[in-house]
Amino acid sequence: MTMVKFKYLFKDDHLEIMVQDSSKMNINIFNKDVLEKYHSKSQIARILTENWFEQEMYCPNCLHQELLKNPNNTEVIDFVCDYCDNEFQLKAQSKPFYSKVVDGAFYPMMNSVQHNTTPNFSFLQYSSENWKIQNLFFVPKFFFTPSIIERRKALSSTARRKGWIGCNVILSKIPELGKIKVIEHELPLLEKVVQKNWKQLSFMDKEHAGKRAWLSDILYCVQQLKKKEFSLVEMYEFEEYLAKLHPTNYHIRPKIRQQLQMLRDQGVLKFKERGTYVFK
Ligand SMILES: [Zn+2]
């Protein structure tokens, strides 16, 4: 029997319906054989989440139903959609994802951000009590900008890899539109909703890092206002913050206006009257 669950959420003034057909996506990661065979908690978690991703996850970009493990990469868990060539890196943990996530080496990461060659990231939170996926969201690669990569301290001289510099991904600096939810509180979203959210700002994929960073930073500022309607004057309050992120730009205010216009052209914002914007 097919179980269909509905959850109604009010977002701003419109009703958003999350529908899950439980015959379609199984959120259980439990596997008795894996639990019996392995003893290390981290190894068990890695195998269970990796297996789940391979069996259940579809491509959020093209909805191709199969993601393949990338055999060329052994260091990180990596998947690829052989239909649209998008690559996905999986980060899984039992704790919720808070503001920062530790990632690999800093300079190679900055280099791939500049060249838009990072994979898409997926952040999966599971429960080791009921072995179900609690939350899963994706951050498309076009939301990876220098503003969200933090350089960590070089490893001390006593460390095995002394002088090595890692990085953090600052999740809290990624605008909400850049976090594409797939499962929320054990409830999968409709595939079509996931794809629509993914595509909304995917034009950024073709833009260079500087342009992507501006758009993402402006979206972050808009969301900091926590208002449906806001004014240009309110956005100018972020002038100093944006100047710090973009130290070579001396025309912050025109840049703010230009980015808001671009978001309007993409259907994210509406101009209401002179100097007033509405977040759709
Ligand atoms: Zn695809």
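So here's what we get for this one:
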{"read-out": "Scan of the stretch 94-128 for residues that are touching a Ser or Thr at 6+ places or on another chain (Cβ under 9 Å) and under 23 Å from Asn31 (Cβ atoms), ordered by number", "value": "Ser94, Leu124, Gln125, Tyr126, Ser127, Ser128"}
{"read-out": "Helices (runs of 4 or more DSSP H) contained entirely in the stretch 204-273, each with at least 1 residues that are in contact with a helix residue (DSSP H, G or I) (Cβ under 7 Å, 6 or more places away or on another chain), of a type in the set (D, E, K, R) and open to solvent by less than 40 Å² (accessible area, probe 1.4 Å)", "value": "209-224"}
{"read-out": "The lone exception for Leu48 - which of (1) of a type outside the set (Ser, Thr, Tyr); (2) under 24 Å from the mean Cα position of the chain (by Cα); (3) modelled with pLDDT under 90; (4) within 19 Å of Asn130 (Cβ to Cβ) it fails", "value": "(3)"}
{"read-out": "Only one of Glu176, Glu150 that is over 30 Å from Asn26 (Cβ atoms) and either touching a residue at least 24 places away in the same chain (Cβ under 8 Å) or surrounded by 14 or more Cβ atoms within 10 Å (Cβ to Cβ) (or both)", "value": "Glu150"}
{"read-out": "Residue list for the stretch 153-188, restricted to those being β-branched (Val, Ile, Thr) and within 26 Å of the chain's Cα centre (by Cα)", "value": "Ile165, Val169, Ile170, Ile174, Ile180, Val182, Ile183"}
{"read-out": "Verdict on Leu190 being over 30 Å from Tyr126 (Cα atoms) and either open to solvent by 50 Å² or more (accessible area, probe 1.4 Å) or touching a residue at least 24 places away in the same chain (Cβ under 8 Å) (or both)", "value": "no"}
{"read-out": "Matching option when the condition is in contact with a helix residue (DSSP H, G or I) (Cβ under 9 Å, 6 or more places away or on another chain) and either within 16 Å of the ligand (Cβ to nearest atom) or basic (Lys, Arg) (or both), among Leu35, Leu68", "value": "Leu68"}
{"read-out": "Check on Met25, at pLDDT below 90, in a loop (DSSP other than H, G, I, E, B), open to solvent by less than 30 Å² (accessible area, probe 1.4 Å) and hydrophobic (A, V, I, L, M, F, W, C)", "value": "yes"}
{"read-out": "Residues within the stretch 97-135 that are within 16 Å of the ligand (Cβ to nearest atom) and hydrophobic (A, V, I, L, M, F, W, C), tallied", "value": "1"}
{"read-out": "Residue in the stretch 81-96 that is away from the ligand (no atom under 16 Å from the Cβ), of a type in the set (Gly, Ala, Ser), closer than 16 Å to Ile183 by Cβ and open to solvent by 50 Å² or more (accessible area, probe 1.4 Å) present", "value": "yes"}
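Per-residue answers, yes or no, for (1) modelled with pLDDT of 90 or more; (2) farther than 26 Å from Phe138 by Cβ:
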site: Glu191; (1), (2): yes, no
site: Ser202; (1), (2): yes, no
site: Phe230; (1), (2): yes, yes
site: Glu240; (1), (2): yes, yes
site: Thr248; (1), (2): yes, yes
site: Arg257; (1), (2): yes, yes
site: Phe279; (1), (2): no, no
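The values are calculated or read from the model by the stated rules, or taken from the named source; none is laboratory data. All values derive from a computational prediction rather than experimental measurement. Using ideal geometry, Cβ is built from the backbone for each residue, glycine included, and neighbour counts are taken over all protein chains shown. The protein model used for the area step is the full one, side chains on, heavy atoms only, and it has no ligands, DNA or RNA in it. Shrake-Rupley method; radii C 1.70, N 1.55, O 1.52, S 1.80 Å.
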